[in-house]
Amino acid sequence: MPLTNASPFISAGDLITVMSYKTLNKGTKAKKGISPVIATVILVAVAVVIAAALAGFSSSLFGSYSQSSQITVRSVTAEVGDVLGDDLIVTMDIVNKGGAPETVTTVVVQNFGEAAAGDILVGLGAPIIPANGAAIVDATVTADAGKDLDPGQTVTMTVTTQSGQSYTISTVVQAP
């Protein structure tokens, strides 16, 4: 019985043609796409960048709604309170961007004296800076024995809050 095209057998000539085609095209195979390892590295890098961007955005978004105080002293003035120069009147503009009110407990002027709780006022009340608000804080610093201040002198003061945070500020003493 002669072989036909429907035969399950391949002729010797056809076999050589198929093998030659595979051998010739082995080195010239066109690569399509990138390797799975490189694709995975790129996807992980993109995910890390997106996560970092979201973390930065959420921290700035929720930072103003935190349950702690976030105090910033915008400005400070200090002027001699009497002719003798043994009192210093300190006025501070303080902003609280946090979600909790804060209380100023002490104002210490280095090498001069300290204002304690009774000498620090916001308006006529307690020295409390409201949550997400601002206040003008006035403090009368009484000099230690033998200490005097003159207008034009630079003083460094430390403002301490009830939460234990300290803020150091320098200013020039003004005349009354």
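Any read-out appearing in this document is the output of simple, stated calculations on the displayed coordinates, not a laboratory observation. Here the structure is a predicted model, which is why all the values come from computation and not from measurement. Please note: Cβ atoms are built from the backbone with ideal geometry, for glycine as well, and neighbour counts cover all protein chains shown.
At-a-glance table
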{"item": "Given charges at beta-carbon only (K, R positive; D, E negative), |dipole| of the range 71-174 in Debye", "result": "520 debye"}
{"item": "Karplus 3J(HN,Hα) series, Hz, for the range 94-99 with 6.51 cos²θ - 1.76 cosθ + 1.60 (x for Gly, Pro)", "result": "10, 10, 10, 8, x, x"}
